[in-house]
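Chemist: Below is the structure I would like to discuss, written out as structure tokens.
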Amino acid sequence: MIGNVIGNYRIEREIGEGGMSHVYVGRTIARNEVLPENYAVVLKIMSEELAGEVTARKRFVKEAQILEKLRHRNITRFYEFINNKDNAVLVMEFVEGKPVDLILAEKGSMPIPDAISIAQSMLEALVYAHGKGIVHRDIKPANLIRETAGAVKVTDFGMSALRAEIDKELEAIVLKAMHPKMEGRFEGAREFFEALEEYNLRPMNTPTMRPRPAVGAQSATPAWLLVNVKPEINEKHTLKGDSVMVGRDRSCAIVLAHPAVSRRHARITLSGTSYVVEDLKSANGTYVNNTRVDRAKLKPGDVVRFGADPACSYVVRDR
């Protein structure tokens with residue numbers, strides 16, 4: 001890609017790589033209404049292998065729509081979105097500086113006044129973004145760039161989202177768990193769990209746990225497997241019980257150690273004599289037969305994918 005021209009930009013060097021994109025520094029070829037000639041920019045280019053995937057392109061479109069809403073001194077500026085049949089490219093401000101994670105790796109720590117300044121710059125950006133209804137969802141040192149002059153900018157809104165409304169009952173449970181005074185919180189993890197369980201068992205919500213069948217009752221639990229679509233991998237996961245959590249977190253029943261998979265990515269619950277998969281607001285989505293779903297009933301033969309990488313695709317098998 002080095003030396004290639006995309007739109008009004010010539011690619012100079014690569015500075016990063018993610019699960020869905022490569023990030024380059026480029027320069028403008030000609031002056032336009034926004035940027036002068038020979039001006040440095042950042043080009044976030046969708047990976048070639050995903051260029052034809054509708055879902056991946058939709059994510060780029062969504063990120064561009066989010067970035068268009070943000071104009072703040074502590075957020076990297078968005079200039080242009082190039083969306084053609086061959087690729088999708090986000091053109092953004094190039095910040096002459098260093099990510100905070102590299103600063104920490106080099107120095108081990110930083111002076112307290114510097115740490116406070118960085119935190120305040122970050123919070124200014126987040127207060128502004130939250131006012132626009134946007135939550136970043138991936139704040140970390142690597143996404144904070146400290147300019148040579150000392151200012152800090154927040155970058156990479158690729159995982160951000162427009163906040164859904166939360167009803168008052170759930171909000172009260174969460175606020176109680178986060179109460180600043182110990183006496184105002186739940187007495188322990190069990191009480192917090194039970195409060196969420198009581199909320200989740202309301203008629204309008206999908207329960208995470210189901211009552212056990214009466215003693216002597218005939219079980220109709222299906223014996224299903226998730227089998228990786230690539231036979232050479234020889235990866236199988238048995239769906240056991242009423243609720244199976246899928247994600248990167250080691251507490252999940254099915255652990256998928258892949259960067260495109262969220263810590264608690266999806267839940268598969270028993271519904272009668274079949275299973276239902278429910279996406280848990282994951283960053284990269286859950287797909288059934290190449291269609292992104294929030295919730296879908298499964299049947300043998302369906303292909304379920306957790307995230308954008310085909311390596312995390314599984315066929316539902318009935319043993």
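The values are calculated or read from the model by the stated rules, or taken from the named source; none is laboratory data. Quantities reported herein were computed from a predicted structural model and do not represent experimental measurements. Note: ideal-geometry Cβ built from the backbone for every residue, glycine included; neighbour counts use all protein chains shown. Ligands, DNA and RNA are excluded from the accessible area calculation, which covers all protein heavy atoms including side chains. Shrake-Rupley method; radii C 1.70, N 1.55, O 1.52, S 1.80 Å.
Chemist: What residue, of Val303, Val288, is under 14 Å from Tyr314 (Cβ atoms) and either polar (S, T, N, Q) or touching a Phe, Trp or Tyr at 6+ places or on another chain (Cβ under 8 Å) (or both)?
Modeler: Val303
Chemist: Evaluate the following for Ala296: is it modelled with pLDDT under 90 and either in a strand (DSSP E or B) or open to solvent by 10 Å² or more (accessible area, probe 1.4 Å) (or both)?
Modeler: no
Chemist: What number goes with the only condition from (1) open to solvent by 60 Å² or more (accessible area, probe 1.4 Å); (2) at pLDDT below 85 that Asp138 does not pass?
Modeler: Exception for Asp138: condition (1).
Chemist: Still on this structure, please answer the following. Limited to the stretch 242-289, what total is found for residues that are surrounded by fewer than 19 Cβ atoms within 10 Å (Cβ to Cβ), in contact (Cβ under 8 Å) with a residue 24 or more places away in the chain and at positive phi?
Modeler: Residues that pass the stated criteria total 2.
Chemist: Now for a different question. Could you please let me know if Pro259 is under 25 Å from Glu49 (Cα atoms), under 22 Å from the mean Cα position of the chain (by Cα) and of a type outside the set (Asp, Glu)?
Modeler: Spelling it out, Pro259 is indeed under 25 Å from Glu49 (Cα atoms), under 22 Å from the mean Cα position of the chain (by Cα) and of a type outside the set (Asp, Glu).
Chemist: Kindly check whether there is at least one residue in the stretch 7-28 that is assigned to a loop (DSSP other than H, G, I, E, B) and modelled with pLDDT of 90 or more.
Modeler: Yes, there is a match, as at least one residue in the stretch 7-28 is assigned to a loop (DSSP other than H, G, I, E, B) and modelled with pLDDT of 90 or more.
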